[in-house]
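The structure appears below as structure tokens.
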Amino acid sequence: MSERVLEATGLRRSFAGVRAVDDVSLTVDAGEIVALIGPNGAGKTTTFNLINGQLRPDAGRVRLRTADVTGLPPRRLAHLGIARTFQITATFLSMTALENVSVALAARERWSLAALVDGRLNRDRALALLGEVGMAAAAERPCSMLAYGDLKRVELAMALAAAPRLLLMDEPTAGMAPKERGQLMRLVAGIARERRTAVLFTEHDMDVVFAHADRILVMSQGVLIADGRPEEIRAHPKVREVYLGSSAPG
């Protein structure tokens, strides 16, 4: 039986009288990989920001498992089990991969940042997380020396340091080579299913979406116009009209 991790109902948010998100409801279950797609300006980022606490909805609720978390700030939500990665990697380039993950662990555990950076605490846990994303061999390398695809893996390890129940990923494969995109998403899918982590991600690469999402949500002009499995979305007439056109992966 599936376990509901995220349930957003009736989300609305307007800016200067323009409704960016209009009555959006969505769910993500434990271990499920859900893609949120749509044209530029469809409302995807605003929806992410409403879920992650960067914005407070004008109406609607956000529930994380059984808790109402509507409008809580991102720092509080992180401790409750929501982690997020961004389109542009958010690593400290002057620090090693190991130090970056140690800092992420410090943020969760509220330990001394200086002690963690010095490597006196939790080195084994940080190394284990880097191993989980295939970056243990690069643990002592400064992030400024890592390839972009490797930085994405370090950022994923940093997100996993929060032991999230829900992982929000904003354009996770942006800037990566096609082969690296598939490798990263296979890694995310494997981790999500092993840890029973719910994953909601935005993505413009439709090959990535259709190859790796269990379910796809489609937004247009602030409205959720479709919710279904990849084969259902591929054949959905309204989705083809407003977004996929004739270029949908077959």
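Check ARG229, ARG165 and return the single one that is at pLDDT 95 or above, in contact with a strand residue (DSSP E or B) (Cβ under 9 Å, 6 or more places away or on another chain) and more than 30 Å from LEU93 (Cβ to Cβ).
Values: ARG165 fails: more than 30 Å from LEU93 (Cβ to Cβ).
Sole residue among the options that is at pLDDT 95 or above, in contact with a strand residue (DSSP E or B) (Cβ under 9 Å, 6 or more places away or on another chain) and more than 30 Å from LEU93 (Cβ to Cβ): ARG229.
Can you tell me which residues in the stretch 1-35 are among the aliphatic types (A, V, I, L, M), modelled with pLDDT of 95 or more and within 17 Å of ARG196 (Cα to Cα)?
Hits for the stretch 1-35 are VAL5, LEU6, VAL28, ALA30, ILE33, VAL34, ALA35.
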Q. Is there any pair linking a residue in the stretch 211-222 that is open to solvent by less than 30 Å² (accessible area, probe 1.4 Å) to one that is in a strand (DSSP E or B) and acidic (Asp, Glu), with Cβ under 8 Å and at least six apart or on different chains, and which?
A. ILE216/ASP227; LEU217/ASP227; VAL218/ASP227; GLY222/ASP22
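Quick grid of which residues meet (1) within 19 Å of ALA161 (Cα to Cα); (2) in contact with a strand residue (DSSP E or B) (Cβ under 9 Å, 6 or more places away or on another chain); (3) at pLDDT 95 or above:
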{"residue": "LEU55", "(1), (2), (3)": "no, yes, yes"}
{"residue": "ASP58", "(1), (2), (3)": "no, yes, yes"}
{"residue": "ARG63", "(1), (2), (3)": "no, yes, yes"}
{"residue": "ASP68", "(1), (2), (3)": "no, yes, yes"}
{"residue": "LEU72", "(1), (2), (3)": "no, yes, yes"}
{"residue": "ARG75", "(1), (2), (3)": "yes, no, no"}
{"residue": "ARG84", "(1), (2), (3)": "yes, yes, no"}
{"residue": "THR89", "(1), (2), (3)": "yes, no, no"}
{"residue": "SER94", "(1), (2), (3)": "no, yes, no"}
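Would you confirm, using the coordinates I've provided, whether VAL34 is in a strand (DSSP E or B), more than 17 Å from the chain's Cα centre (by Cα) and touching a residue at least 24 places away in the same chain (Cβ under 8 Å)? Reasoning before the result, please.
On the way: in a strand (DSSP E or B): yes; more than 17 Å from the chain's Cα centre (by Cα): no; touching a residue at least 24 places away in the same chain (Cβ under 8 Å): yes.
No, not satisfied.
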Q: For ARG123, work out the one condition from (1) touching a residue at least 24 places away in the same chain (Cβ under 8 Å); (2) touching a Ser or Thr at 6+ places or on another chain (Cβ under 9 Å); (3) open to solvent by less than 60 Å² (accessible area, probe 1.4 Å); (4) within 21 Å of SER94 (Cα to Cα) it doesn't fulfil.
A: (3)
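The values are calculated or read from the model by the stated rules, or taken from the named source; none is laboratory data. All of these numbers come straight from a predicted model, not from anything done at the bench. Positions of Cβ are generated from backbone atoms using ideal geometry, with glycine treated the same way; all protein chains shown enter the neighbour counts. Areas reflect the complete protein model, heavy atoms only, side chains present, ligands, DNA and RNA absent. Shrake-Rupley method; radii C 1.70, N 1.55, O 1.52, S 1.80 Å.
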